[in-house]
Amino acid sequence: YKWKYDEKIAKLVTHNNNLIIDQLWPLTFNKKNKKNNYVPGTFKDVSEKIPYLTDLGINAIEFLPLNETRFDASWGYALDSLLIIEKNYGSADDFKSLVDQLHQQKIKVITDVVLNHINNSLLREPLTAKVNTSKFYNGNSGWGPKPRFENIMVRKILMDSMILNMRDYHLDGFRFDMIEHVWNSGVVAAKFLQEVNQI
């Protein structure tokens, strides 16, 4: 993808305290009704409504988690991938185009990141009856399996996924879901979050 408007957003000086954020879920934003059937929204549908978003006076969009999930109409918090874009929203290039168009309008792009729980297929390896002893899995939270932050490979895959998503999609920031549960998971998890912020 050939990015066109990076320079425009790079020159923009907006302190985080001055962000006017619209939280957006593509599937229900600008949804269409065809022959009395609901058609979920996509990245391209969001692109069509950029003039509407600029008229609202926002300067940032926070997308709910955009990575692949096991449910067709999930809010994205039950993710099955840390890297793959959910196909129901559109392609990776569709999202890049949307980010570029938003940057053209001086709108920053933030995505939700889920670190406090990660689906079984990403943490429980191998699946055994003794899941609590897995090197990546640290028991259950109220939402799903907790990562074992004491394991350096867990921290590395989480950090790498954020860096790759920021690099590949030219994101301007992240919003961390239920981050206090990570912060309160112990010293290693807290230090990991400090490292994430620093990087």
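The values are calculated or read from the model by the stated rules, or taken from the named source; none is laboratory data. If you're wondering where the values come from, they're calculated on a predicted model, not measured in any experiment. All Cβ positions, even for glycine, are placed from backbone atoms using ideal geometry, and neighbour counts span all protein chains on display. Protein only, heavy atoms only, side chains kept; ligands, DNA and RNA dropped before computing areas. Shrake-Rupley method; radii C 1.70, N 1.55, O 1.52, S 1.80 Å.
Just a few scattered comments:
- Of the strands (runs of 3 or more DSSP E) lying entirely inside segment 137-195, those containing at least 2 residues that are under 30 Å from residue 6 (Cβ atoms) and aromatic (Phe, Trp, Tyr) span 173-176.
- The residue that is least open to solvent (accessible area, probe 1.4 Å), counting only those in segment 112-163 that are over 19 Å from residue 195 (Cα atoms), among the hydrophobic types (A, V, I, L, M, F, W, C) and at pLDDT 60 or above, is 118.
- Filtering 58, 85 for residues that are crowded, with 16+ Cβ neighbours inside 10 Å and modelled with pLDDT of 90 or more leaves a single hit, 58.
- Any chance residue 69 is touching a helix residue (DSSP H, G or I) at 6+ places or on another chain (Cβ under 6 Å) and buried (at least 16 other Cβ atoms within 10 Å of the Cβ): no
- Taking the numbered list (1) open to solvent by less than 30 Å² (accessible area, probe 1.4 Å); (2) not in a helix (DSSP H, G or I) in turn, residue 33 passes all entries but (1).
- Listed conditions (1) closer than 27 Å to residue 14 by Cβ; (2) open to solvent by 10 Å² or more (accessible area, probe 1.4 Å) are all met by residue 95, apart from (2).
- Screening residue 50 against (1) open to solvent by 20 Å² or more (accessible area, probe 1.4 Å); (2) under 23 Å from residue 175 (Cα atoms); (3) not acidic (Asp, Glu) leaves a single unmet condition, (1).
- For first residues located in segment 19-41 and without any contact (Cβ under 8 Å) to a residue 40 or more places away in the chain and more than 26 Å from residue 9 (Cβ to Cβ), partners that are aliphatic (A, V, I, L, M) and open to solvent by less than 100 Å² (accessible area, probe 1.4 Å) and lie 6+ apart or on another chain with Cβ distances below 6 Å form the pairs 32/39.
- Test: residue 81 is assigned to a helix (DSSP H, G or I) and small (Gly, Ala, Ser): no
- Within segment 170-190, restricting attention to residues that are within 30 Å of residue 97 (Cα to Cα) and among the acidic types (Asp, Glu), the residue that is surrounded by the fewest Cβ atoms within 10 Å (Cβ to Cβ) is 177.
- Looking across segment 91-115, just one residue is without any contact (Cβ under 8 Å) to a residue 60 or more places away in the chain, touching a helix residue (DSSP H, G or I) at 6+ places or on another chain (Cβ under 6 Å) and part of a loop (DSSP other than H, G, I, E, B), and that is 105.
- Selection status of residue 167, buried (at least 19 other Cβ atoms within 10 Å of the Cβ), of a type in the set (Lys, Arg) and at pLDDT 75 or above: no
- Leading residue by the ranking (modelled with the highest pLDDT) among those in segment 21-38 that are in contact with a helix residue (DSSP H, G or I) (Cβ under 9 Å, 6 or more places away or on another chain) and farther than 15 Å from residue 174 by Cα: 26
- Test: residue in segment 3-14 that is of a type outside the set (Ser, Thr, Tyr) and on the phi > 0 side of the Ramachandran plot: no
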